[in-house]
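The values are calculated or read from the model by the stated rules, or taken from the named source; none is laboratory data. Please read all numbers here as calculations on a predicted model, not as lab measurements. So basically every Cβ, Gly included, is an ideal-geometry build from the backbone, and we count neighbours across all protein chains shown. Just the protein is used for accessible areas: all its heavy atoms, side chains included, with ligands, DNA and RNA removed. Shrake-Rupley method; radii C 1.70, N 1.55, O 1.52, S 1.80 Å.
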Protein chains: 2
Amino acid sequence: MHMLRKILVVGAGKSTSYLLDYFLEKSASEKLRLTIGDLNPEGIPEKVKNHPSCKVIQLDIFNDDERIHAISDCDIVVSMLPARFHIKVAEDCIAQNKHLVTASYISDEIKALDTKAREKGLVFMNEIGLDPGIDHMSAMQIIDRIRAKGGKMLLFESFTGGLVAPESDNNLWNYKFTWNPRNVVVAGQGGAAKFIQEGTYKYIPYHKLFRRTEFFDIEGFGRFEGYANRDSLNYREAYGLQNALTLYRGTMRRVGFSKAWNMFVQLGMTDDSYSIDNSEGMSYREFVNLFLPYSPTDTVELKMRHYLKIDQDDIMWDKLVELDIFNRKKTIALKQATPAQILQAILEDSWTLAEDDKDMIVMYHKFGYEIEGEKKQIDANMVVIGENRTHTAMAKTVGLPVAIATLLILNQKIATPGVQIPIKKEVYEPILEELKNLGIQFKEYDVPYLGYNPDSVAS
Amino acid sequence: MHMLRKILVVGAGKSTSYLLDYFLEKSASEKLRLTIGDLNPEGIPEKVKNHPSCKVIQLDIFNDDERIHAISDCDIVVSMLPARFHIKVAEDCIAQNKHLVTASYISDEIKALDTKAREKGLVFMNEIGLDPGIDHMSAMQIIDRIRAKGGKMLLFESFTGGLVAPESDNNLWNYKFTWNPRNVVVAGQGGAAKFIQEGTYKYIPYHKLFRRTEFFDIEGFGRFEGYANRDSLNYREAYGLQNALTLYRGTMRRVGFSKAWNMFVQLGMTDDSYSIDNSEGMSYREFVNLFLPYSPTDTVELKMRHYLKIDQDDIMWDKLVELDIFNRKKTIALKQATPAQILQAILEDSWTLAEDDKDMIVMYHKFGYEIEGEKKQIDANMVVIGENRTHTAMAKTVGLPVAIATLLILNQKIATPGVQIPIKKEVYEPILEELKNLGIQFKEYDVPYLGYNPDSVAS
């Protein structure tokens with residue numbers, strides 16, 4: 001049997017509920033000792049803190065002594081810190097011969113540790129959450145299977161969305177914030193979206209991003225839409241899709257969200273590049289009026305409808321009214337805030353999950369391929385519904401792959417050293433298998449191959 | 001009488017034709033000796049080079065010895081270099097006690113020399129071209145006059161445009177490049193346009209900038225439109241307009257240009273933030289198709305009309321066709337070019353001034369004010385038509401104020417030392433007077449004060 005294995009989890013934010021539970025549930029059978037290091041450990045639930053196999057320490061990761069000491073006393077480190085803070089932890093893991101697991105994108109700094117990690121036989125597993133994470137694993141499982149049968153990949157599309165569960169979906173936007181609201185407000189900014197369709201590069205500027213959507217139907221859940229991520233070509237080499245004609249990655253929303261969100265984009269309310277001097281105390285109505293032409297006679301409402309070219313019986317209009325953005329009394333509490341920060345604050349009034357609200361994760365892949373002269377397509381999708389505001393589908397789908405990978409590394413089932421993402425069979429097979437046991441699984445459908453089907457693209 | 005005075009002009013680019021002519025014409029009466037220092041002096045016209053009062057030297061302004069020596073041998077330096085290169089020259093002027101004149105915006109580096117310039121009694125005159133330049137002087141002349149009569153400023157709007165003269169205006173865009181084409185293609189980028197209307201801040205995002213235009217009529221020249229510059233509030237303090245309710249600065253075009261230009265903005269073709277890997281050898285048609293959705297059946301033309309929601313009998317469509325952007329055979333010569341660079345190259349095919357084409361400068365100011373309880377308004381405008389491709393209206397309106405200021409400084413008519421812009425009476429009165437003698441003058445009209453008139457704002 002194993003000796004006692006020590007896991008250090010650094011950072012116990014809201015995505016860690018399932019992660020911590022998984023370790024503690026397995027603590028007896030797998031002989032695990034869990035240490036949670038966090039700057040503010042008060043937030044950690046009593047049930048976790050008081051578990052006999054759990055130790056909670058206050059840890060400032062910028063304090064070298066504290067950090068080095070915490071890492072020295074474990075076998076593997078799980079860093080759930082914001083991505084930019086991983087590097088300190090990663091360097092200590094190299095120095096002290098510890099494996100490392102993160103759910104974040106590999107930064108150049110982390111990548112640079114690859115040779116050292118290999119030399120020392122250390123597994124540095126990254127991008128092992130939901131997206132990135134489950135998307136890599138589920139996609140590579142099907143791509144490898146197609147290739148094993150002799151198929152040649154023609155098309156790969158992949159979309160993920162963090163949404164509200166149907167039973168809690170009670171606003172006109174069919175949307176609530178289930179993760180970092182800021183990322184939602186500034187989504188798509190910073191450059192044109194780039195992808196490849198039927199062998200041709202395509203670029204969508206930010207102000208058109210939410211008008212170039214694609215539809216998806218998921219059995220039992222209805223219709224969704226997707227808009228393009230900034231760079232759909234990021235994993236072209238990693239997935240071995242250099243010859244695929246279509247590569248498209250994106251974000252899923254309920255149908256109608258993007259068209260409505262585009263109103264804010266058009267107005268300039270999502271801009272995060274400048275601050276508004278007199279934002280504190282400004283009414284929601286005054287905020288809206290900053291982006292509309294001056295008129296000595298017309299109301300903000302009329303100017304808004306005219307500017308957006310919508311009628312008052314348009315559902316788009318109802319969506320704006322629902323957010324109470326024309327309120328004269330509600331005021332902005334933020335000083336010198338950017339339009340995006342103010343918009344976020346206004347949306348949080350309406351889109352914050354209620355105590356008993358449940359979230360929902362959806363993922364949709366399309367795999368087009370050619371085999372024995374025939375063109376075929378597999379569509380695969382996954383839906384996960386959360387339990388409550390702490391045990392969200394987001395926390396589950398981010399945390400469980402991290403937890404499972406950690407245990408597999410401790411058990412040397414995942415043993416290939418180096419800085420990596422979960423695209424190898426050794427990694428994705430056992431993780432997807434265990435996720436299935438925990439209720440996270442994809443449904444696959446054979447569908448006709450239509451190439452990139454323009455009829456399912458909204459203008 | 002004066003002793004011989006020595007003027008050094010650094011940089012003899014295309015804006016210097018009138019500037020050099022002015023000095024040489026005055027060389028006998030004013031006892032001027034002109035030295036032109038340029039990296040490539042071959043480009044300087046024979047007529048100038050061979051003038052008895054002119055000396056041409058090859059000058060690399062990054063060569064300290066050459067630069068210091070050239071400056072030591074003059075009484076005043078006129079720097080017509082690109083703005084970022086002025087600082088080296090300015091520092092030498094301080095060290096060697098020489099006055100300095102430039103047509104560029106004051107940089108922080110130049111501003112930092114103010115105390116030293118004052119201590120040494122040196123005039124460092126900047127922003128003394130067209131825009132900035134003539135705009136400052138003509139505006140301050142009227143503002144000071146209104147104030148002298150006891151008026152209180154309520155509104156100031158100012159628009160400038162570099163256009164093609166009516167007799168050379170033979171394309172559907174009513175536009176040709178008369179200055180730096182790159183500045184035209186990327187105009188308005190880098191942040192929201194900010195201004196103030198009737199006491200309220202207003203922000204226009206880039207993708208709406210060309211849809212929020214204002215109209216202007218100029219007697220004898222018809223109608224123009226203006227779109228907002230990025231920061232209309234830059235000269236609020238300098239002009240003493242802290243209490244004005246409306247401050248709006250912008251760029252003038254012929255009516256219809258902005259609506260058509262907006263097509264490129266919407267498509268994402270003006271983006272200068274990323275490069276297209278395979279741009280070299282790409283056809284114009286392929287370039288256009290990068291920004292349109294994929295379709296296995298529809299033509300680029302149909303996709304374009306659908307995307308822009310225009311019909312084939314729309315004048316907008318004719319404007320695109322005129323540019324030949326759907327051509328399959330014309331190819332892009334630029335490697336790894338940004339969309340903006342490629343668009344510029346395509347537009348240069350159509351919008352380059354022909355040998356005998358003339359350009360036109362238009363400037364339009366509005367001054368709203370209150371006097372003895374009454375609200376009034378003065379509109380003032382200026383039109384200058386160029387002579388030919390060398391002696392352009394642009395070169396005239398940029399070069400003459402620089403030349404006139406230079407002479408006035410030499411003659412101690414402009415004597416207040418320090419780093420400055422031409423907003424003082426001592427400066428603008430004699431310059432505007434001399435410009436009038438040279439055919440550059442404003443017409444003024446008393447018009448009803450309407451505040452910011454929403455009826456003249458295009459939606």
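Observations
- When B:Lys330, B:Lys259, B:Lys335 are screened for being open to solvent by 70 Å² or more (accessible area, probe 1.4 Å), closer than 22 Å to B:Ile204 by Cβ and not acidic (Asp, Glu), only B:Lys259 passes.
- Each residue in region A:181-205 was checked for being more than 8 Å from chain B (Cβ to nearest Cβ) and surrounded by 15 or more Cβ atoms within 10 Å (Cβ to Cβ), and 10 of them qualify.
- Subset of region A:260-281 [more than 7 Å from every other protein chain (Cβ to nearest Cβ) and of a type in the set (S, T, N, Q)]: A:Asn262, A:Thr270, A:Ser275, A:Asn278, A:Ser279
- Between A:Glu25, A:Glu66, the distinction of being open to solvent by 50 Å² or more (accessible area, probe 1.4 Å), in contact with a Leu (Cβ under 9 Å, 6 or more places away or on another chain) and in the same structural domain as A:Gly121 (by TED's automatic domain parsing) belongs to A:Glu66 only.
- Boolean, A:Ala117 is among the aliphatic types (A, V, I, L, M), assigned to a helix (DSSP H, G or I) and open to solvent by less than 20 Å² (accessible area, probe 1.4 Å): yes
- Within region B:98-114, considering residues that are within 22 Å of the chain's Cα centre (by Cα) and open to solvent by less than 80 Å² (accessible area, probe 1.4 Å), the one farthest from B:Gln412 (Cα to Cα): B:Ser107
- Leading residue by the ranking (most open to solvent (accessible area, probe 1.4 Å)) among those in region A:1-14 that are closer than 24 Å to A:Gly386 by Cβ and touching a Leu at 6+ places or on another chain (Cβ under 9 Å): A:Gly13
- Filter pass, B:Leu353 being within 16 Å of B:Arg182 (Cα to Cα) and at pLDDT below 95: yes
- Flag for A:Phe215 being within 19 Å of the chain's Cα centre (by Cα), within 14 Å of chain B (Cβ to nearest Cβ) and within 22 Å of A:Ser258 (Cα to Cα): no
- Candidate set: region A:218-235, residues that are surrounded by 15 or more Cβ atoms within 10 Å (Cβ to Cβ) and at pLDDT 95 or above; chosen: the one farthest from the other protein chains (Cβ to nearest Cβ): A:Phe221
- Hey, B:Ile134 farther than 19 Å from B:Ile423 by Cα and buried (at least 16 other Cβ atoms within 10 Å of the Cβ) or not: no
- Qualifying residue in region A:155-170 (condition: within 14 Å of chain B (Cβ to nearest Cβ), outside any loop (DSSP other than H, G, I, E, B) and of a type in the set (Gly, Ala, Ser)): no
- Per the conditions (1) within 14 Å of chain A (Cβ to nearest Cβ); (2) open to solvent by 10 Å² or more (accessible area, probe 1.4 Å); (3) under 33 Å from the mean Cα position of the chain (by Cα); (4) under 19 Å from A:Gly199 (Cα atoms), the sole criterion not satisfied by B:Tyr284 is (1).
- Evaluation of A:Ser350 against (1) under 22 Å from the mean Cα position of the chain (by Cα); (2) part of a loop (DSSP other than H, G, I, E, B) (one fails), failing number: (2)
- Residue match in region A:372-386 (condition: under 19 Å from A:Gly133 (Cβ atoms), part of a helix (DSSP H, G or I) and open to solvent by less than 60 Å² (accessible area, probe 1.4 Å)): no
- Note on region A:292-325: residues that are within 11 Å of another protein chain (Cβ to nearest Cβ) and in contact (Cβ under 8 Å) with a residue 40 or more places away in the chain total 2.
Conditions (1) modelled with pLDDT under 95; (2) on the phi > 0 side of the Ramachandran plot, marked per residue:
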| position | (1), (2) |
| --- | --- |
| B:Phe124 | no, no |
| B:Ile143 | no, no |
| B:Lys149 | no, no |
| B:Lys152 | no, no |
| B:Glu157 | no, no |
| B:Val164 | no, no |
| B:Ser168 | no, no |
| B:Asn174 | no, yes |
| B:Trp179 | yes, no |
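- Filtered residues of region A:410-452 (kept if surrounded by 17 or more Cβ atoms within 10 Å (Cβ to Cβ) and within 14 Å of chain B (Cβ to nearest Cβ)): A:Tyr449, A:Tyr452
- Any hit, region B:76-96, residues being touching a Lys or Arg at 6+ places or on another chain (Cβ under 8 Å), of a type in the set (Ser, Thr, Tyr) and either within 23 Å of B:Met3 (Cα to Cα) or touching a residue at least 12 places away in the same chain (Cβ under 8 Å) (or both): no
- Verdict on A:Thr160 being surrounded by 19 or more Cβ atoms within 10 Å (Cβ to Cβ), touching a residue at least 24 places away in the same chain (Cβ under 8 Å) and under 30 Å from A:Val447 (Cα atoms): yes
- Matching option when the condition is surrounded by fewer than 19 Cβ atoms within 10 Å (Cβ to Cβ) and modelled with pLDDT under 95, among B:Ala83, B:Ala95: B:Ala83
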